[in-house]
There are 2 protein chains.
Amino acid sequence: MSKQALPVADVSAPACCSPLTSEPLDAHRAVELARVFKALGDPVRLRLLSLIASHEGGEACVCELTGVFDLKGPTISHHLKVLKEAGLITGDRRGTWIYYRVSPRTLRMLGDVLTLDPADEPAGVPA
Amino acid sequence: MSKQALPVADVSAPACCSPLTSEPLDAHRAVELARVFKALGDPVRLRLLSLIASHEGGEACVCELTGVFDLKGPTISHHLKVLKEAGLITGDRRGTWIYYRVSPRTLRMLGDVLTLDPADEPAGVPA
């Protein structure tokens, strides 16, 4: 896989970010957002994202990710590609390895979308 | 806002909620979380969730949801079932109709999981 000159911007991340609770989502935006949530809808991808995000310095070499799973390299690469195409991670090739970090902008956008209006929380709901 | 004795328990929602960025996600928790994100990974389900959440009073009758989409009733029912099984909405039958509302606890849990440590946000990243 030739990955020189990787884009760093979250070009595939949908633009910001009304909460789902504030107004009905339009069809186009729903398609964009569903793509990002679908990328998160897999246990291996969630674990990869978490491994990258919680790694020292906020980035992880692909060489540090493959040994964690009982999966072949190409399968891990496929999952990383899905996360990257959804704008959830960015990759930076340095020498032999690609280093991944999470995209703060996309995570923040998802958090904003899922934000609750305090008025939506019925009284008496346990925290 | 009618909020009489609506069920609020999210029995299927995974328990709380370390951010993905704080520590590697364990395999069991990843499976639980992936199920919820997968439920959000469909444009129709996202729009249904948004229609319910943003509806007056925070709840919507299934009779108010079906007309919005060019889809048959059973398809809408299937999507509502997926959202319900993922703990994202609750349903309450009153007379002929089922009334849905979002589960604040599950939305909050997902928001917590996606929360960024401020230290994870590189300086100079645009807001």
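The values are calculated or read from the model by the stated rules, or taken from the named source; none is laboratory data. If you're wondering where the values come from, they're calculated on a predicted model, not measured in any experiment. Here the Cβ is made from the backbone with ideal geometry for all residues, glycine too, and neighbour counts use every protein chain on show.
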Practice item. Within the stretch B:66-86, work out how many residues are closer than 14 Å to residue A:26 by Cα and touching a residue at least 24 places away in the same chain (Cβ under 8 Å). Key: 1
Review point. Listed residues A:19, A:24, A:43; which is surrounded by 13 or more Cβ atoms within 10 Å (Cβ to Cβ), of a type outside the set (S, T, N, Q), modelled with pLDDT of 95 or more and touching a helix residue (DSSP H, G or I) at 6+ places or on another chain (Cβ under 7 Å)?
Key: A:43
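Does at least one position in the stretch B:96-103 carry a residue that is surrounded by fewer than 16 Cβ atoms within 10 Å (Cβ to Cβ), at the interface with chain A (Cβ under 8 Å from one of its Cβ atoms) and either modelled with pLDDT of 95 or more or assigned to a loop (DSSP other than H, G, I, E, B) (or both)?
Checking the stretch B:96-103: not a single residue is surrounded by fewer than 16 Cβ atoms within 10 Å (Cβ to Cβ), at the interface with chain A (Cβ under 8 Å from one of its Cβ atoms) and either modelled with pLDDT of 95 or more or assigned to a loop (DSSP other than H, G, I, E, B) (or both).
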Practice item. Write out, first by first residue and then by second, each pair whose Cβ atoms fall under 8 Å of each other, whose residues are 6+ apart or on separate chains, and whose first residue, in the stretch B:23-37, is small (Gly, Ala, Ser) while the second is assigned to a loop (DSSP other than H, G, I, E, B). Key: B:34/A:41; B:34/A:42
Revision key, fill the gap. Being touching a Pro at 6+ places or on another chain (Cβ under 7 Å), surrounded by fewer than 16 Cβ atoms within 10 Å (Cβ to Cβ) and within 11 Å of chain A (Cβ to nearest Cβ) narrows B:92, B:112 down to just B:112
Review point. Does residue A:48 fit the bill of being within 18 Å of the chain's Cα centre (by Cα) and not small (Gly, Ala, Ser)?
Key: yes
Point to revise | Test set (1) surrounded by fewer than 21 Cβ atoms within 10 Å (Cβ to Cβ); (2) of a type in the set (S, T, N, Q); (3) part of a helix (DSSP H, G or I) - residue A:50 fails condition number | key: (1)
Check your understanding: Does residue B:30 qualify as being facing another protein chain (nearest Cβ under 7 Å) and within 30 Å of residue A:57 (Cα to Cα)?
Key -> yes
Review point. How many residues does the stretch B:38-83 contain that are away from chain A (no Cβ under 12 Å) and among the polar types (S, T, N, Q)?
Key: 3
Check your understanding: In this structure, does residue B:9 turn out to be surrounded by 18 or more Cβ atoms within 10 Å (Cβ to Cβ), in contact with a Ser or Thr (Cβ under 9 Å, 6 or more places away or on another chain) and at pLDDT below 95?
Key -> no
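Here are B:67, B:87: which of them is outside any strand (DSSP E or B) and buried (at least 21 other Cβ atoms within 10 Å of the Cβ)?
After applying the criteria, what remains is B:87.
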